[in-house]
Every structure is written in C-alpha cells, then in structure tokens.
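**Q** Sharing a structure here in structure tokens format.
Every number here is computed from the coordinates shown, using simple stated rules; none is lab data. Keep in mind the model is a prediction, meaning the values are calculated, not measured. In this analysis, Cβ positions are derived from the backbone assuming ideal geometry, glycine residues included, and neighbour counts consider all displayed protein chains.
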Amino acid sequence: MPARTSLSPVTTGWLMLSPALCVYLLFAVYPMFDVLVMSFSSWNGLTADSAFAGWDNYRWVTTQDPVFWTALWNTIAWTLLALIVPNLLAFALALSLNQRLPGVAPLQVIFYLPVIIASIAVATIWKWMYDPFFGLLNATLTGAGLSGWILDWLGDRQVALWSVFAAHVWQSVGFAMVLFLAGLQSVSPTLIEAARIDGAGRWGVFRHVTLHALRPSIVVVVALSLINSLKAFDIVYGMTGGGPAQSTQMLAMWAYSQAMQLGNFGRGAAISVILLGITLVIVIPYLRWMLKTEEPAR
C-alpha cells in the first residue's frame, strides 16, 4: 500500500479556509479593487470603453462639486450623533431591562422589533408620521394645543436631517441594546458580591466590575455604529432623497447619485473611495487601540 501523506496543520487550515476565502475575494475584495480602478477613469456606464482620467475625478469632487462638502459634513455630524445618542439610550434600556421582573422579556422584544424592519419600510413609516397635513406627529401636536410647534419636518432645511436621524435612532437602539444586555448578563454575580464585600458601593461595582465586563460589547457597538453611520444611505434615501436642497445629502448617497443617476461612474467611485478611506482611518486605529488596552487584562 502506498504511504499516506499527512498535511501540516497550516496547510490543512488554509485548505479549509480556501472556499470561504475565494468567495470573499470574489465578492468583496475584487469589487473594492474595481471601484478603485474606476475612480481613475471616466465612464458613463453605457459605453464599452472607459478613458483614463488620472486624478481628475478626485480633483473635481473636492474642488468643484458643490454637494460633496455638504454631504461630508452631514456624514460627520450624523456619525458623531450616532455614536452618542442611540448608544446611550440603548445602554440605559439594557440597564433597565436587565432585571428579573415579570414583563421584561416582552419589552426586550418590543424594543428590538424595529431592528428587523427593513430600513426602507422604516423610512416609509416615519415619512408618513412627518407628513405636514396628515402625519401623526403634527396631529398629536395639534390635539395637545401645541400648533406653534408644527413644522414641515422633512421639507425644512434646518430640521430635515435631524428628523431623519430620529428615525435612525428608533431603528438602531434595539440592536445595541441586545449587545449590551448580552454583556450585562455575562457579569459574574460572584464578582459583584466580592466587590460589595470589599466595600464597593453601587458606582464602584458598576465602574470596576460591570463596565469592565461590558468592554467587548462596547468595542463591537462603537465599531458597528461607526461603520453603519459613515455609510448611511437607505433610510435617508427613502425619507428625503437627499433634499430639501441637498440638506440631508450623505456621502454614500451622493456617490450613488453621481454614478447611477448622473452617469458619472468615475466621480461616484472617487467619492466611494474617499468614504472608504475615511472609514479605515477611523475604524482601524480605534480597534487597534481597544485591543491594545485589553492586552494587560489577559
């Protein structure tokens, strides 16, 4: 009988990873590389050939595009708020619902339900609520005698972006809440009891035991909030389409508009690459810093 050849653990590992790796390279890495190449070309999406444009697309986007900087500042403002508002609300909800009381489980489900609703459906719901004539919000204000507070929530440039952000908060709070709840439920009661025996008060237990156990959940929530908010698209597109007068325009949506609506695929790709660069510059140092700070605890 021929001798059996044994593969090294490294080779075996790569062989097992190869199917998933091929899929990842084909559907993730190659499209990113293709967009990078497209950003240096001029193509309208219809002709077979594209012309090399060098840095013209990036130069036009950053110096001549009147919408790019508005979309950039809106994206930055959206990201900063998305890191703070929904996550703080989710954390407060998680602390409140991490109790062994009757009715807590149904409340957890209710708060999580918006997460499983498609973003375009959320946009439709909130767009109806904001309707200036028949919407629930203005009708409620009228019934409460607060007619002076009635606004054109999606038609006023001063409040449209924040109106859309409110819908985003409603949809995103539940996901972060579940992650925080998972972290809270992993806290060992023995550690809490030991901290209390050592004289730690409620704040001391929270700071040195609970918050430390929540560190992995916080890392994941902040990273996902950063990535999702930087590429905000569907809920804004469904509610305002970037209007009124581009006041709710976002980088991801403007890249789509340049490519798919205006036929400037090179410029749209350039905006996408800029957005990818911003995301990597923010997320990678954050994750490296968080992982480095966890090393001494191991």
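**Q** Can you list, largest first and rounded to whole Å, the semi-axes you get for the chain by taking the square root of 5 times each eigenvalue of its Cα gyration tensor? Intermediate values should be presented prior to the final figure.
**A** Working: eigenvalues 283, 249, 62 Å².
Gyration-tensor ellipsoid for the chain: 38, 35, 18 Å.
**Q** Sticking with this one: Viscosity 0.890 mPa s, temperature 25 °C: Stokes-Einstein D of the range 47-92 from its Kirkwood Cα radius, in µm² per second? Don't skip to the end; give the middle numbers.
**A** On the way: Rh = 13.6 Å.
The calculation lands on 180 µm²/s.
**Q** Which loop-located chymotrypsin sites (Phe, Trp or Tyr not before Pro) does the range 101-149 contain, where loop means any DSSP state but H, G, I, E or B and the Cβ has at most 14 other Cβ atoms within 10 Å?
**A** Numbers: sites: PHE111, TYR112, TRP126, TRP128, TYR130, PHE133, PHE134, TRP149; in loops: TYR130, PHE133, PHE134.
Taking the range 101-149 and a limit of 14 other Cβ atoms within 10 Å, the loop chymotrypsin sites (Phe, Trp or Tyr not before Pro) found are PHE133, PHE134.
**Q** Per residue of the range 244-251, what does 6.51 cos²θ - 1.76 cosθ + 1.60 with θ = phi - 60° give for ³J(HN,Hα)? Whole Hz please, x for Gly and Pro, Karplus curve as stated.
**A** x, 6, 6, 6, 10, 5, 10, 4
**Q** Same structure, new question: From the residues SER147, SER163, GLY45, which one has its Cα farthest along the dipole of the chain in the positive direction, the dipole being from +1 and -1 charges on Cβ of Lys/Arg and Asp/Glu about the Cα centre?
**A** Of the candidates, SER163 comes out farthest on the positive side.
**Q** Helix hunt in the chain: which complete DSSP H runs extend at least 30 Å axially by C-alpha with mean Kyte-Doolittle at least 0.5? Can you show the working numbers first?
**A** Values: long enough: 68-97 (42 Å, 1.65); 160-185 (38 Å, 1.42); 265-294 (43 Å, 1.29).
Taking the DSSP H segments of the chain (at least 30 Å long, mean hydropathy at least 0.5), we get 68-97, 160-185, 265-294.
**Q** Let me ask another. Which of the chymotrypsin sites (Phe, Trp or Tyr not before Pro) found in the range 6-65 are in a DSSP loop and have at most 15 neighbouring Cβ atoms, other than their own, within 10 Å? Present the calculation step by step, with values, prior to reporting the outcome.
**A** Working: sites: TRP14, TYR24, PHE27, PHE33, PHE40, TRP43, PHE52, TRP55, TYR58, TRP60; in loops: PHE40, TRP43, TRP55.
Of the chymotrypsin sites (Phe, Trp or Tyr not before Pro), the ones in loops of the range 6-65 whose Cβ has at most 15 other Cβ atoms within 10 Å are TRP55.
**Q** What spacing in nm lies between the two simple spin-label points modelled at VAL220 and TRP128, each 7 Å away from Cα in the Cβ direction?
**A** For VAL220 paired with TRP128, the spin-label model returns 3.4 nm.
**Q** Could you work out [θ]222 nm for the chain from helices alone, using -39500 (n - 2.57) per DSSP H run of at least four and dividing by all its residues? Round to the nearest 500 deg cm²/dmol. Intermediate values should be presented prior to the final figure.
**A** Numbers: 14 runs with 192 residues, N = 298.
Counting only the DSSP helices, I get -20500 deg cm²/dmol.
**Q** What are the equivalent ellipsoid semi-axes of the range 221-275, built from the alpha-carbon gyration tensor (square roots of five times its eigenvalues), in whole angstrom, biggest first? Don't skip to the answer; put the middle values down first.
**A** Values: eigenvalues 76, 48, 12 Å².
Rounded to whole Å, the semi-axes are 19, 16, 8.
**Q** At what distance in angstrom do the alpha carbon centres of the range 187-245 and the range 36-69 lie from each other?
**A** Answer, in whole Å: 39.
**Q** Continuing with the same structure: Note the per residue figure in Å³ for the convex hull of the C-alpha positions in the range 100-211.
**A** Working: hull volume 19.2 nm³, N = 112.
Value for the range 100-211: 172 Å³ per residue.
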